[in-house]
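Everything below concerns the one structure shown next.
The values are calculated or read from the model by the stated rules, or taken from the named source; none is laboratory data. The shown structure was predicted, so the numbers you read here are calculated from the model rather than taken from an experiment. Cβ atoms come from the backbone with ideal geometry, glycine included; neighbour counts cover every protein chain shown.
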Amino acid sequence: MSTAVTITYVLNPPEGTGTPALSRTKEMTFDIESSTDRTYAAYYDSLRTTVEDARTAIGDDLTAWRDAIGAAEGSKETKNILADEDDEEGDGEQ
């Protein structure tokens with residue numbers, strides 16, 4: 001039986017995304033607690049807890065990325081919407 005859960009990922013954010021404090025590559029290892037009760041049930045209970053801890057850690061990390069990239073992408077969308085509105089106004093005047 002495994003003694004740890006290891007998760008590795010590499011993110012490829014859009015070009016020009018300023019995220020100096022965030023790492024694009026991450027590897028996290030979560031140890032599965034061993035129990036004095038050596039049954040499969042005890043192992044799977046510990047595994048379930050470890051996977052939940054891993055899910056929470058990944059969620060926190062990806063939320064930081066979403067917030068960083070979302071702010072940059074949101075400002076791009078606003079500029080595009082304003083440019084589209086200016087184009088529509090110009091089309092009606094001709």
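What about ASP87, is it surrounded by fewer than 14 Cβ atoms within 10 Å (Cβ to Cβ), assigned to a helix (DSSP H, G or I) and either at pLDDT below 70 or on the phi > 0 side of the Ramachandran plot (or both)?
Answer is yes for this residue.
Please find, within the range 9-28, the residue that is surrounded by the fewest Cβ atoms within 10 Å (Cβ to Cβ) out of those that are at pLDDT 85 or above and among the aliphatic types (A, V, I, L, M).
Ranking the qualifying residues of the range 9-28, first place goes to VAL10.
Does ILE58 satisfy the condition of being β-branched (Val, Ile, Thr), in contact (Cβ under 8 Å) with a residue 40 or more places away in the chain, in a helix (DSSP H, G or I) and out of contact with any strand residue (DSSP E or B) (no Cβ under 9 Å at 6 or more places or on another chain)? Give the steps one after another, and end with the answer.
Values: β-branched (Val, Ile, Thr): yes; in contact (Cβ under 8 Å) with a residue 40 or more places away in the chain: yes; in a helix (DSSP H, G or I): yes; out of contact with any strand residue (DSSP E or B) (no Cβ under 9 Å at 6 or more places or on another chain): no.
The answer is no for ILE58.
Kindly evaluate THR6 against the criterion of being at pLDDT 90 or above, exposed (fewer than 12 other Cβ atoms within 10 Å of the Cβ) and not in a loop (DSSP other than H, G, I, E, B).
yes
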